[in-house]
Structure formats: structure tokens, C-alpha cells
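This report refers to the structure that appears directly beneath it.
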Amino acid sequence: LTSLAYGAETNKVLARVNSQDITEAEVLEFIQPYGQQAMMLYNTPQGKKMIVDDMISMRLYALDAEAQKLDETPDFQAQLAAVRRTLLAQASIRKAIEGLTVNEDEAKKFYDDNPQMFKLPERVRARHILVSDDETLAKVQDALKSGKSFDVVAKEFSIDPGSAQNGGDLGEFQRGVMVPEFEQAAFALKNPGDVSEPVKTQFGWHIIKLEGRVPESVSPFDEVKTQITQELQNTKASERIRARIDELKKTYKVEILDTGKEPEKQ
């Protein structure tokens with residue numbers, strides 16, 4: 001928890017309610033489920049005061065509930081038992097997967113045995129100029145024929161807000177990303193520097209320039225090692241948890257009294 005708030009001193013007492021200490025560790029645990037935004041709020045004087053005030057309010061309500069013996073009601077006891085079961089189950093699961101590891105050899109074997117999972121599809125890098133009418137299209141074609149550079153013409157005429165100011169640069173993309181007419185024309189270009197004929201799509205007229213091609217490849221092992229390791233750890237954890245459930249079913253009697261199915265009509 002200390003890494004989640006700058007300068008946190010987890011044993012530091014921030015407030016006291018009826019002789020009960022509220023420590024920084026408790027406050028950090030309280031706000032942790034709310035994510036980084038809550039942590040950032042905690043690291044401001046106003047935010048810290050607000051959060052500590054909330055903790056004080058919770059302690060006051062808890063003391064009031066005890067004074068009214070609300071903790072002795074059947075509803076409270078049922079909820080408490082449910083929370084206890086959940087925490088116990090989580091503790092048992094953590095114990096079941098304790099010490100679970102995946103070494104690099106296992107990750108590398110999975111990588112070698114499943115190359116299709118790490119394929120990178122063919123990609124192209126292209127620029128385009130998008131215009132909405134035939135008159136502007138003619139001006140663009142004339143400008144390109146006169147020798148003006150593609151990026152300069154794109155900045156002058158293209159109406160694509162995402163790429164015009166970058167000289168029409170769309171970066172790299174694979175098949176299935178662009179609209180079909182555009183994709184077909186872009187991937188049909190053979191060599192860097194090739195420029196397409198005008199292509200009509202739902203957005204208008206495009207002229208496309210090929211900047212480069214990246215052939216289909218396989219991601220290097222070092223780039224996907226962490227991903228593979230996490231996936232194998234998850235798989236191992238699931239297997240170990242299922243195995244533990246099977247063991248527990250042999251230890252404890254399980255009866256399913258309602259399958260959830262609709263009763264059959266007679």
C-alpha cells in the first residue's frame with residue numbers, strides 16, 4: 001500500500017474516534033478499490049481531509065450501530081456470515097495456488113508450439129488525401145502531376161481531420177481496419193512511392209500513397225514472454241483450483257437440490 005501514496009507512513013495515526021485509531025494503512029486500504037484517481041486525491045491536503053472525514057463518519061456510524069445492537073440482528077448476522085465465507089474461500093484459493101510459477105523454458109515451449117498465436121499480419125503504411133467533390137479532386141491531381149509533394153498537397157486539400165496536418169499519414173494498418181474500397185486499393189499498391197488512382201468510399205474521394213509494406217511475421221519471443229507467462233500462470237491456477245475442488249468434493253458432502261431447470265410437464 002505504501003507505493004500507492006507518496007510519502008505514506010502506514011502506521012501513522014491520522015485520527016482517533018472514541019479511543020480507536022485510524023491509521024494511514026487503513027485509509028489506503030479503504031481507498032484502494034477506487035483506483036489511481038482516489039490515490040491522487042489522497043495526495044492533496046483537501047482530498048486527504050475529505051477521505052479521513054469519511055473514515056471518521058464510518059467509525060461513528062459503526063459505534064452507533066453497536067450501541068443500538070444492530071450487529072445482533074438476524075440480517076446483520078447473515079450478512080456477516082456471507083462475508084466471512086467469501087473471505088475464507090478467497091484465503092483457501094490463495095493457499096491452493098501458493099507458490100505457482102512459470103519458468104522461461106515453459107514459456108518458450110508454448111511459444112514454439114503455438115506460432116500461429118503470435119503471427120503479425122501483413123501491414124502497409126500509407127498516406128491519403130481525402131476530398132469531397134470532383135472539382136477539388138481535379139485540383140489535387142493537377143498539383144501532384146506538377147510535382148508538389150504528397151504531404152504538402154494533403155495539408156492543403158485533405159479534409160480528413162485525423163491525418164491532414166500530418167501530410168495524410170495514416171501510419172501502419174492491417175487488413176480489416178479500413179473500409180473495403182480503401183483497403184483494396186492500399187494493399188494493391190506494390191512499391192513505396194506508388195500512388196493510387198482516385199478511390200471512392202462513403203467518405204469521399206481518396207488518393208493513396210504507399211509508404212511501405214511490412215510482410216507477415218511472428219512476434220519475437222522477448223516481446224510476448226510476459227504475456228505468455230501470465231496466460232500460463234492463469235491456466236495453471238485454474239487447473240489447480242479445479243483439482244482442489246475435486247478433492248474437496250470427496251471430503252465434504254455436496255447435494256444439489258435444485259438444478260435450476262424448469263420441471264418437466266406431465
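Summary table
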{"quantity": "Residue check for residue 149: open to solvent by less than 60 Å² (accessible area, probe 1.4 Å), under 30 Å from residue 219 (Cα atoms) and hydroxyl-bearing (Ser, Thr, Tyr)", "calculated": "no"}
{"quantity": "Residues within region 136-151 that are among the β-branched types (Val, Ile, Thr) and either farther than 28 Å from residue 214 by Cβ or in contact with a Gly (Cβ under 7 Å, 6 or more places away or on another chain) (or both), tallied", "calculated": "1"}
{"quantity": "Set 134, 151: member being out of contact with any Lys or Arg (no Cβ under 8 Å at 6 or more places or on another chain) and modelled with pLDDT of 95 or more", "calculated": "134"}
{"quantity": "Subset of region 19-54 [over 30 Å from the mean Cα position of the chain (by Cα), part of a helix (DSSP H, G or I) and surrounded by 15 or more Cβ atoms within 10 Å (Cβ to Cβ)]", "calculated": "52"}
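The values are calculated or read from the model by the stated rules, or taken from the named source; none is laboratory data. None of these values were measured; they are calculated from a predicted model. Glycine gets a Cβ as well: all are built from the backbone with ideal geometry, and neighbour counts include every protein chain shown. The area values use the complete protein model at the heavy-atom level, side chains included, leaving out ligands, DNA and RNA. Shrake-Rupley method; radii C 1.70, N 1.55, O 1.52, S 1.80 Å.
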